[in-house]
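The structure appears right after this line, and notes come after that.
The values are calculated or read from the model by the stated rules, or taken from the named source; none is laboratory data. Quick caveat: nothing in here was measured; it's all calculated off a predicted structure. As a convention, Cβ positions derive from the backbone with ideal geometry for all residues, glycine included, and neighbour counts pool all protein chains shown.
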Amino acid sequence: MAIWNDPQPSQTGLGAASWMNAPYGAAARDAGLRAYMLRIYNFMASGVLVSGIVAIAMASLLEQHNPLAMALLFSPLRWLVILAPFAFILAMSFGFMRMQNSTLQALFWAFCAVMGVSLSTVLLVYTGSSVAATFFATTGAFAGLSLVGYTTKRNLSAMGTFLTMGLFGLIIAMLINAFFPSPGLSMGISLIGVLIFAGLTAWDTQRLKGMYLQVAGTPYAEKAAIMGALTLYLDFVNMFMFLLRFMGDQRR
């Protein structure tokens, strides 16, 4: 398992610098942790912004029936758009240790851009006002849940394991619904999806916070921040998409 994804950090692990045990270590550690988490949030927010800009631009091209845009989403090329995000995630996860910071960061921005292409269809299906309302609702919920994960003293590992198992069940249910559509199942999937990614937001935040002691003072700190941003980005986007099914008004 890659260092950035180790759920059991400790002060004696990789990156546990000696200054953390000094009398002033606690204050320095807290300052470093805040800077590290802020770095993650900045990457994540910037990624969402990139996706939003690309989605709006792509939706505009689709409304104008731009040939390239139409081909990317309504021809066999759409599979490239669908599968590319998974390819980026795999490349970043398995290449984490050997990639340069700049390479990992470039892959993150590319991932966000491709996600923006995929998300552009949302702007064609739902009204702009409902998309905006859902986005702000998701932002508020994400901020609150992430704050809970950051500040709570309760260990959320058990909840995270349960939610991860639930996520696999959700994927199976979505596949079943794709082949045997059911309005009731679709609504249930949306509700469960919102709850799962709400819980994962809190758990992932706590997990990323706990990893700081492992990466502080090592060459992996910047990479860990990028991968942490990727994790929170996925929590945010998935929660937004599932919530949109409840709050979104479809275009007539």
So which residues in the stretch 155-190 are touching a residue at least 60 places away in the same chain (Cβ under 8 Å) and surrounded by 15 or more Cβ atoms within 10 Å (Cβ to Cβ)?
-> Gly160
Among the residues of the stretch 226-252 satisfying the criterion of being modelled with pLDDT of 95 or more and among the small types (Gly, Ala, Ser), which is nearest to Val125 (Cα to Cα)?
-> Ala229
Search the stretch 117-143 for residues being more than 30 Å from Ala69 (Cα to Cα) and in contact (Cβ under 8 Å) with a residue 12 or more places away in the chain, and hand back the single one that is surrounded by the fewest Cβ atoms within 10 Å (Cβ to Cβ).
-> Ala141
Does Thr152 meet the test of being more than 15 Å from the chain's Cα centre (by Cα), free of Cβ contacts under 8 Å to residues at least 60 places away in the same chain and under 22 Å from Arg29 (Cβ atoms)?
-> yes
Working only within the stretch 90-100, note down all residues that are surrounded by 17 or more Cβ atoms within 10 Å (Cβ to Cβ) and in a helix (DSSP H, G or I).
-> Met92
Just one of Thr161, Thr218 is in a helix (DSSP H, G or I) and of a type in the set (Val, Ile, Thr); which is it?
-> Thr161
Answer from Thr151, Thr103 - the residue that is under 23 Å from Asn42 (Cβ atoms), surrounded by 13 or more Cβ atoms within 10 Å (Cβ to Cβ) and out of contact with any helix residue (DSSP H, G or I) (no Cβ under 8 Å at 6 or more places or on another chain) | Thr103
Residue within the stretch 171-186 that is part of a helix (DSSP H, G or I), within 23 Å of Leu124 (Cα to Cα) and of a type in the set (A, V, I, L, M) present = yes
With (1) exposed (fewer than 13 other Cβ atoms within 10 Å of the Cβ); (2) in a helix (DSSP H, G or I) as the list, and Ser146 as the residue in question, which single condition is left unmet?
-> (1)
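Being surrounded by 14 or more Cβ atoms within 10 Å (Cβ to Cβ) and within 22 Å of Leu49 (Cβ to Cβ), is that true of even one residue in the stretch 206-213?
Within the stretch 206-213, one or more residues are surrounded by 14 or more Cβ atoms within 10 Å (Cβ to Cβ) and within 22 Å of Leu49 (Cβ to Cβ).
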Which residue pairs have Cβ atoms under 8 Å apart, sit 6 or more places apart or on different chains, and have a first residue in the stretch 64-93 that is at negative phi and in contact (Cβ under 8 Å) with a residue 40 or more places away in the chain and a second that is among the aromatic types (Phe, Trp, Tyr) and part of a helix (DSSP H, G or I)?
-> Ile89/Phe111; Met92/Phe108; Met92/Phe111
